[in-house]
């Protein structure tokens with residue numbers, strides 16, 4: 001017996017969820033500071049980002065998550081919704097990034113570190129080192145080695 | 001103004017410093033993870049060389065800190081998953097500037113979200129969402145809060 005994706009399908013819940021998530025991501029990216037009350041909405045978004053990215057705990061947790069993931073993906077395949085699933089994953093990723101980025105930007109330490117990075121780079125442009133196509137990996141390895149030597 | 005094609009990539013002193021801090025903090029005792037991280041980052045640098053303007057969810061423009069904007073430059077952030085780091089705190093970010101006239105990408109800062117965490121509230125997600133829903137309904141009923 002062979003399963004195949006349906007040739008035409010109504011907009012699935014998965015696709016609708018992906019579209020809503022994408023819209024929410026754009027809203028967070030552009031309007032986080034102006035987001036209307038209540039503040040609990042922002043709190044809920046922050047909780048959503050952290051919770052949805054939380055890795056499963058312990059071997060049993062990972063095992064369960066792998067099984068649940070496998071079953072969910074099998075269902076998605078049977079319904080021929082791989083494309084909608086891909087859109088969902090991308091939208092989820094965009095939303096999580098948008099929320100975490102908004103959280104970082106609100107942190108004064110982040111703004112301070114960013115200012116320092118930008119000002120430092122502008123004041124020292126000529127001293128920056130070229131990362132050549134041939135030797136990027138070599139230079140990064142060298143930096144890692146230096147970092148580990150500094151620990152000794 | 002160069003849109004895409006061939007960009008030169010350079011690294012600032014701050015990039016070197018923060019790269020080393022990341023390696024020390026996350027890959028000190030994990031050789032395989034460190035090697036994968038180096039390869040991953042080298043791949044991103046190659047990508048930035050061909051097109052530094054990555055769309056969401058991979059990257060986007062970052063607002064300039066106050067008083068630092070320069071005409072002809074862009075400040076951008078790349079989001080990535082460093083190998084063997086998990087959860088929201090393990091999310092990686094690479095901050096870089098583009099000199100659009102000279103087609104040069106400057107890597108200026110690399111870090112993980114772990115450096116700027118915000119602890120989620122001590123409530124379950126369901127509780128937080130329910131409270132948000134109730135508050136939203138109240139605001140809808142009485143937008144002026146009277």
Query - Flag if residue B:66 is at the interface with chain A (Cβ under 8 Å from one of its Cβ atoms), touching a helix residue (DSSP H, G or I) at 6+ places or on another chain (Cβ under 6 Å) and either surrounded by fewer than 18 Cβ atoms within 10 Å (Cβ to Cβ) or on the phi > 0 side of the Ramachandran plot (or both) - result: no
Report summary line: For residue A:63, the lone unmet condition from (1) farther than 15 Å from residue B:16 by Cα; (2) part of a helix (DSSP H, G or I); (3) within 8 Å of chain B (Cβ to nearest Cβ); (4) more than 17 Å from the chain's Cα centre (by Cα) is (3)
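With in contact with a helix residue (DSSP H, G or I) (Cβ under 7 Å, 6 or more places away or on another chain) and either under 23 Å from residue A:126 (Cα atoms) or at the interface with chain A (Cβ under 8 Å from one of its Cβ atoms) (or both) as the only criterion, which of B:49, B:34 stands out? Quick ask: steps written out before the conclusion?
On the way: B:49 fails: in contact with a helix residue (DSSP H, G or I) (Cβ under 7 Å, 6 or more places away or on another chain).
The match here is B:34.
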Report task. Can you give me the number of residues within region B:72-91 that are in contact with a strand residue (DSSP E or B) (Cβ under 7 Å, 6 or more places away or on another chain), within 11 Å of chain A (Cβ to nearest Cβ) and touching a residue at least 12 places away in the same chain (Cβ under 8 Å)? Result -> 10
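Taking region B:22-34 on its own, how many of its residues are crowded, with 16+ Cβ neighbours inside 10 Å and not in a loop (DSSP other than H, G, I, E, B)? It would help to see each step written out before you state the result.
Initially, region B:22-34 is screened for residues crowded, with 16+ Cβ neighbours inside 10 Å, giving B:22-23, B:26-27, B:33-34.
This time we only want the ones that are not in a loop (DSSP other than H, G, I, E, B), so: B:22-23, B:26, B:33-34.
Going through region B:22-34 one residue at a time, the tally reaches 5.
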Requested in this report: Would you please name the residue that is nearest to the other protein chains (Cβ to nearest Cβ), looking only at residues in region B:18-31 that are in contact with a strand residue (DSSP E or B) (Cβ under 9 Å, 6 or more places away or on another chain) and under 23 Å from residue A:119 (Cα atoms)?
Outcome: B:19
Report summary line: Within region B:48-69, the residues that are out of contact with any strand residue (DSSP E or B) (no Cβ under 9 Å at 6 or more places or on another chain) and free of Cβ contacts under 8 Å to residues at least 40 places away in the same chain are B:55, B:66, B:67
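Kindly indicate which of A:23, A:111 is part of a helix (DSSP H, G or I) and under 20 Å from the mean Cα position of the chain (by Cα). Can you show your working first?
Numbers: A:111 fails: under 20 Å from the mean Cα position of the chain (by Cα).
The conditions single out A:23.
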Report summary line: If you go through B:59, B:87, B:43, the only one that is buried (at least 17 other Cβ atoms within 10 Å of the Cβ) and under 29 Å from residue A:21 (Cβ atoms) is B:59
Query - Verdict on residue A:74 being more than 12 Å from chain B (Cβ to nearest Cβ) and either within 18 Å of the chain's Cα centre (by Cα) or buried (at least 16 other Cβ atoms within 10 Å of the Cβ) (or both) - result: no
Requested in this report: Restricting attention to region A:114-137, report how many residues are in a helix (DSSP H, G or I) and loosely packed, with under 13 Cβ neighbours inside 10 Å.
Outcome: 3
Query raised in the report: So which residues in region A:82-109 are within 7 Å of chain B (Cβ to nearest Cβ), surrounded by fewer than 20 Cβ atoms within 10 Å (Cβ to Cβ) and within 22 Å of residue A:51 (Cβ to Cβ), if there are any at all?
Result: A:90, A:93, A:107
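Read the figures in this text as sums done on the coordinates, not as results from a lab. The shown structure was predicted, so the numbers you read here are calculated from the model rather than taken from an experiment. Here the Cβ is made from the backbone with ideal geometry for all residues, glycine too, and neighbour counts use every protein chain on show.
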